[in-house]
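Colleague: Following this message is one structure expressed as structure tokens.
The values are calculated or read from the model by the stated rules, or taken from the named source; none is laboratory data. Small disclaimer: the values here were computed from a predicted structure and weren't measured. Glycine also receives a Cβ, built like all others from the backbone with ideal geometry; neighbour counts cover every protein chain displayed.
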Ligand code: FPP
């Protein structure tokens, strides 16, 4: 089926701080990731009500393979559980789920689980939820450059479709990073060329609808000029 662009903002979230949240409570890091899944549920439910059409969540980067094997398998287990447990709720709420990133290094069966949820939710129009797994923005840009090599006709729009793998995904409007770090860590680098950035001290497992609303409100106050002069300066 041909996908359609979901109207609304595109927000990307770097879900940081699961480990610190757990450590502060004397819990194993894996329980921080588990609590992070609850935050994902809250935000996925809140996003369409707050004018978000596309939500891209950074769940596992290509560099996260460097973490201890126990943590990697805990994360992969949570991803599998999320896909299996969440499918009915996603369909009911009109959420289309797609996964970006490599699939050839995932544990056995996970790629099939992903494909199943993608197919089952493809008609969802309330929210396009994109989950980045084994994802690297630089690798996505490199792959697009190789795919487009030799094509003289290619412009930014066509190249964007190669980078995202989906012509219906708009540029990112806002990137949120939790837990106080202020960097992009190889997340949506091409798509975020004019994104506003919002950093919050909140650890991801504590993030909720009110935090999303606060980030939205801060975004609303920004003067997005896209290299032009913007409303205030142009009128002067
Ligand atoms: C960063 O916190 C978070 C991650 C690397 C993983 C994010 C994954 C989830 C929220 C759960 C699984 C995802 C889905 C879609 C089911 P960190 O561990 O780097 O925290 P720290 O910086 O405090 O150590």
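Colleague: Restricting attention to the stretch 31-63, which residues are surrounded by 16 or more Cβ atoms within 10 Å (Cβ to Cβ) and closer than 17 Å to residue 140 by Cβ?
Modeller: Across the stretch 31-63, the qualifying residues are 54, 56, 57, 58, 59, 60, 61, 62.
Colleague: Out of 59, 39, which single residue is in a strand (DSSP E or B) and within 14 Å of the chain's Cα centre (by Cα)?
Modeller: Details: 39 fails: in a strand (DSSP E or B).
Going through 59, 39 in turn, just one is in a strand (DSSP E or B) and within 14 Å of the chain's Cα centre (by Cα): 59.
A quick yes/no check of all residues on (1) touching a residue at least 40 places away in the same chain (Cβ under 8 Å); (2) touching a helix residue (DSSP H, G or I) at 6+ places or on another chain (Cβ under 6 Å); (3) more than 9 Å from the ligand (Cβ to nearest atom):
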position: 47; (1), (2), (3): yes, no, yes
position: 54; (1), (2), (3): yes, no, yes
position: 66; (1), (2), (3): no, no, yes
position: 70; (1), (2), (3): yes, no, yes
position: 96; (1), (2), (3): yes, yes, yes
position: 108; (1), (2), (3): no, no, yes
position: 111; (1), (2), (3): no, no, yes
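Colleague: If we scan the stretch 13-22, do we find a residue that is surrounded by fewer than 18 Cβ atoms within 10 Å (Cβ to Cβ), more than 19 Å from the chain's Cα centre (by Cα), within 12 Å of the ligand (Cβ to nearest atom) and on the phi < 0 side of the Ramachandran plot?
Modeller: Yes; the residues of the stretch 13-22 include at least one that is surrounded by fewer than 18 Cβ atoms within 10 Å (Cβ to Cβ), more than 19 Å from the chain's Cα centre (by Cα), within 12 Å of the ligand (Cβ to nearest atom) and on the phi < 0 side of the Ramachandran plot.
Colleague: Here's another thing I want to ask about it. Would you mind listing the helices (runs of 4 or more DSSP H) fully within the stretch 122-236 where at least 1 residues are within 16 Å of the ligand (Cβ to nearest atom)?
Modeller: 137-148, 209-221
Colleague: For the stretch 73-85, what are the residues that are touching a helix residue (DSSP H, G or I) at 6+ places or on another chain (Cβ under 8 Å) and more than 10 Å from the ligand (Cβ to nearest atom)?
Modeller: Once the filter is applied, which keeps residues that are touching a helix residue (DSSP H, G or I) at 6+ places or on another chain (Cβ under 8 Å) and more than 10 Å from the ligand (Cβ to nearest atom), the stretch 73-85 yields only 84.
Colleague: Just to check your reading of the model, which residue among 103, 130 is closer than 28 Å to residue 205 by Cα, over 15 Å from the mean Cα position of the chain (by Cα), surrounded by 13 or more Cβ atoms within 10 Å (Cβ to Cβ) and at pLDDT 95 or above? If you could, list the steps in order and put the result at the bottom.
Modeller: Working: 130 fails: over 15 Å from the mean Cα position of the chain (by Cα).
The unique qualifying residue is 103.
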